[in-house]
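I have placed the structure first, in the form of structure tokens, so that the comments after it can refer back to it.
The values are calculated or read from the model by the stated rules, or taken from the named source; none is laboratory data. Quick caveat, the model's predicted, so the values are computed rather than measured. Cβ coordinates were reconstructed from backbone atoms using ideal geometry, including for glycine residues, and neighbour counts include every protein chain displayed. Just so you know, the surface numbers come from the protein's heavy atoms only, side chains and all, with ligands and any DNA or RNA stripped out. Shrake-Rupley method; radii C 1.70, N 1.55, O 1.52, S 1.80 Å.
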Amino acid sequence: MEDFLLNYKNGITRFVEITAAVTGLFVLKKHKFSTAKYFIYFLVYLSLGDFINTYVKYIKNGGFLSFLKGTIFVENYWWTTLFWKIGAIIFFSFYYYKIITIERFKIILKYSGYIFFVFSIIYIVTHWENYFVTFFPIISVLGAIIIFLCTSFYFFEILQSDKILTFYKSLNFYISVAIFIWWLMITPMVFYDIYMLNNDWNLIYLRRYIYLFANIIMYSTFTFALIWCKPEND
């Protein structure tokens, strides 16, 4: 079982990810007048972004991208940082700005998103030599803080309103729970990435399992919520 999970980790992740995106497209019509439509677009964006991320496979063993061998694009750290570690955070700061109604929370999320984006760009530019060979823990941690702000503000707001009576029917509730758990599981791993460079295989396997199960939980929750939940009046 363990060998199966490790050998097909990427395939399993792609499956649950694409399943969530396809499910979203099937139910898009019923959510076309709610903010949830942006989340469905985001799921498609993630699927396309991860598909592009696989380009590194075609650099090796004489693949059609073998001409990139020896260039800065031989690894996909740069793309993952751009489309996920920065792109996903910017999306969620925008999404929660749309669904949260308490004005001071909206202002905090708005400017937190701006500051995070500007800081990330400046940090990448000033550490350009590392952008293509490693991830930046500071960007991951700041992104996690924004996610926790988004979800905490959302949970606080529903606790202060009548939405608490029907929270289990809310798509945004399941989205919030899923991304909160994902970032809670994954963020501590960024501090151990240095051991990846030292070929600590026990940590490498543990890291792969954590990512796999975190992805399964998150995307399966998204799929369930898209099917189960009805459109909300944002």
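The set of residues from the stretch 112-163 being over 17 Å from residue 94 (Cα atoms) and of a type in the set (A, V, I, L, M) comprises 121, 122, 124, 125, 133, 138, 139, 141, 158, 159. Checked against the criteria, residue 217 counts as surrounded by 15 or more Cβ atoms within 10 Å (Cβ to Cβ) and modelled with pLDDT of 90 or more. Taking the stretch 151-168 as the range and being more than 21 Å from residue 184 (Cβ to Cβ) and among the polar types (S, T, N, Q) as the test, the residues that pass are 160, 161, 166. Answer yes or no as to whether residue 56 is in a helix (DSSP H, G or I), of a type outside the set (D, E, K, R) and touching an Asp or Glu at 6+ places or on another chain (Cβ under 7 Å). Here the answer is yes, as residue 56 does meet what is asked. Would you be able to say whether some residue in the stretch 200-211 is under 24 Å from residue 100 (Cα atoms), open to solvent by less than 60 Å² (accessible area, probe 1.4 Å) and either assigned to a helix (DSSP H, G or I) or modelled with pLDDT under 80 (or both)? Checked the stretch 200-211: no residue is under 24 Å from residue 100 (Cα atoms), open to solvent by less than 60 Å² (accessible area, probe 1.4 Å) and either assigned to a helix (DSSP H, G or I) or modelled with pLDDT under 80 (or both). Within the stretch 108-131, is even one residue part of a helix (DSSP H, G or I), out of contact with any Ser or Thr (no Cβ under 8 Å at 6 or more places or on another chain) and within 30 Å of residue 166 (Cβ to Cβ)? Yes, some residue in the stretch 108-131 is part of a helix (DSSP H, G or I), out of contact with any Ser or Thr (no Cβ under 8 Å at 6 or more places or on another chain) and within 30 Å of residue 166 (Cβ to Cβ). Filtering the stretch 138-152 for residues that are modelled with pLDDT of 95 or more, open to solvent by 70 Å² or more (accessible area, probe 1.4 Å) and of a type in the set (A, V, I, L, M, F, W, C) leaves a non-empty set.
Table: residues versus (1) modelled with pLDDT under 90; (2) of a type outside the set (Val, Ile, Thr); (3) surrounded by fewer than 16 Cβ atoms within 10 Å (Cβ to Cβ); (4) in contact with a strand residue (DSSP E or B) (Cβ under 9 Å, 6 or more places away or on another chain).
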| residue | (1), (2), (3), (4) |
| --- | --- |
| 25 | no, yes, yes, no |
| 33 | yes, yes, yes, no |
| 40 | no, no, no, no |
| 46 | no, yes, no, no |
| 52 | no, no, yes, no |
| 72 | no, no, yes, no |
| 95 | no, yes, no, no |
| 104 | no, yes, yes, no |
| 119 | no, yes, yes, no |
